[in-house]
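Just below is one structure, and these are the notes that go with it.
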Amino acid sequence: MTLDEFFRDNPKAALAFSGGVDSTYLLWAAVQAGARMRAYYVRSAFQPRFEYEDAERAAREIGADMRVLTLDVLSAPHVRENPADRCYYCKQAIFSAILAAAGEDGYPLVLDGTNASDDAGDRPGMRALRELSVRSPLRECGITKAEVRRLSREAGLFTWDKPAYACLATRIPAGEEITGEKLARTEAAESYLASLGFRDFRVRLLDGCARIQIRPEQIGLLAKRREEILKELKKSYRAVLWDLETR
């Protein structure tokens with residue numbers, strides 16, 4: 001099955017939209033196929049501001065309708081307490097909010113951007129999507145991540161080379177309580193490193209320390225900006241560590 005065939009069979013749907021590579025391409029493909037698609041972006045403490053800005057830009061450039069929902073994810077104990085399967089409870093909360101809003105708007109079918117390269121397995125987040133009957137057209141049509149990037153580039157989408165991004169909650173070790181302060185500290189640290197030119201990196205929390213993970217090709221930049229990075233991040237962290245097991 002092709003995406004055109006999928007949208008011919010499902011001409012009206014809601015899309016869980018992050019502004020990332022996969023969901024942006026899926027939104028573009030739906031519009032190109034003539035489907036009636038509405039994108040739903042969920043704002044929470046787990047998403048940094050740049051993700052919202054990317055989603056807003058992508059929807060605008062594609063010419064698609066985007067509805068923004070606000071969700072207090074930390075109000076859910078199973079999310080805040082951060083167990084090993086936190087992603088299951090988080091996905092449940094996010095997609096339940098999207099399903100409710102989409103239902104109100106007259107969209108009974110909800111889609112997401114999972115692609116054929118994603119390991120479905122029994123991952124907590126994927127289990128939540130199955131339970132909520134969320135469909136993944138890219139996966140159903142056998143479209144891999146590499147193909148999504150290639151097709152996105154051909155379509156002129158600015159997201160084609162956007163690095164994969166996991167929510168801010170993933171920077172906090174499982175079992176450690178997630179707080180708004182920890183999330184804000186993480187977002188500020190990663191925004192600062194991004195302003196220095198780093199791409200596709202993480203600043204993880206480890207016993208009050210910032211544990212920086214970068215790609216090997218950016219080690220030179222880390223060495224060059226070492227002093228200023230230490231000065232800035234030590235305002236918020238007990239120590240700043242470089243993880244040799246790079247991203």
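The values are calculated or read from the model by the stated rules, or taken from the named source; none is laboratory data. Since we're looking at a predicted model, the values are computed, not measured. Note that each Cβ is placed from the backbone with ideal geometry, even for glycine, and that neighbours are counted across all protein chains shown.
Filtering segment 84-135 down to residues that are small (G, A, S), part of a helix (DSSP H, G or I) and touching a residue at least 12 places away in the same chain (Cβ under 8 Å), which residue is surrounded by the fewest Cβ atoms within 10 Å (Cβ to Cβ)? Don't jump to the end; show me each part of the working.
Pass one, segment 84-135, residues small (G, A, S): 84, 93, 96-97, 100-103, 106, 113, 116-117, 120-121, 125, 128, 133.
With part of a helix (DSSP H, G or I) added as a condition, the list becomes 93, 96-97, 100-103, 125, 128.
Going one step further and asking which of them are touching a residue at least 12 places away in the same chain (Cβ under 8 Å), we end up with 93, 96-97, 101-102, 125, 128.
Details: A93: 20, S96: 13, A97: 18, A101: 18, A102: 23, G125: 19, A128: 21.
Checking each candidate, the answer is S96.
Residue under question is T246, and the condition is that it be modelled with pLDDT under 95 and surrounded by 14 or more Cβ atoms within 10 Å (Cβ to Cβ); does it hold?
The answer is yes for T246.
All but one of (1) farther than 21 Å from H78 by Cβ; (2) buried (at least 17 other Cβ atoms within 10 Å of the Cβ) hold for R199; state the number of the condition that does not hold.
R199 satisfies all of (1) farther than 21 Å from H78 by Cβ; (2) buried (at least 17 other Cβ atoms within 10 Å of the Cβ) except (2).
State yes or no: is S152 crowded, with 18+ Cβ neighbours inside 10 Å and of a type in the set (S, T, N, Q)?
Working: crowded, with 18+ Cβ neighbours inside 10 Å: yes; of a type in the set (S, T, N, Q): yes.
Yes; evaluated as a whole, the condition is true for this residue.
How many residues are within 17 Å of the chain's Cα centre (by Cα) and in a helix (DSSP H, G or I) if we restrict to segment 164-187? Even if it seems obvious, please write down each step before you answer.
Within segment 164-187, the subset within 17 Å of the chain's Cα centre (by Cα) is 164-172, 183-184, 186-187.
Pick out the ones that are also in a helix (DSSP H, G or I) and you get 168-171, 183-184, 186-187.
Total meeting the criteria: 8.
Taking segment 166-196 on its own, how many of its residues are over 21 Å from S75 (Cβ atoms) and modelled with pLDDT of 95 or more?
Initially, segment 166-196 is screened for residues over 21 Å from S75 (Cβ atoms), giving 166, 173, 188-196.
Now narrow it down to the ones that are modelled with pLDDT of 95 or more: 173, 188-196.
So the answer is 10.
Looking at R226, is it surrounded by 14 or more Cβ atoms within 10 Å (Cβ to Cβ) and modelled with pLDDT of 95 or more? Reasoning before the result, please.
Numbers: surrounded by 14 or more Cβ atoms within 10 Å (Cβ to Cβ): no; modelled with pLDDT of 95 or more: yes.
Considered against the rule, which asks whether it is surrounded by 14 or more Cβ atoms within 10 Å (Cβ to Cβ) and modelled with pLDDT of 95 or more, R226 comes out as no.
Can you name every residue in segment 217-242 that is outside any strand (DSSP E or B) and β-branched (V, I, T)?
Kept after step one, since they are outside any strand (DSSP E or B), are these residues of segment 217-242: 217-239.
Across segment 217-242, the qualifying residues are I219, I229.
Hey, can you tell me all the residues within segment 172-202 that are touching a Ser or Thr at 6+ places or on another chain (Cβ under 7 Å), of a type outside the set (G, A, S) and closer than 20 Å to E245 by Cβ?
none
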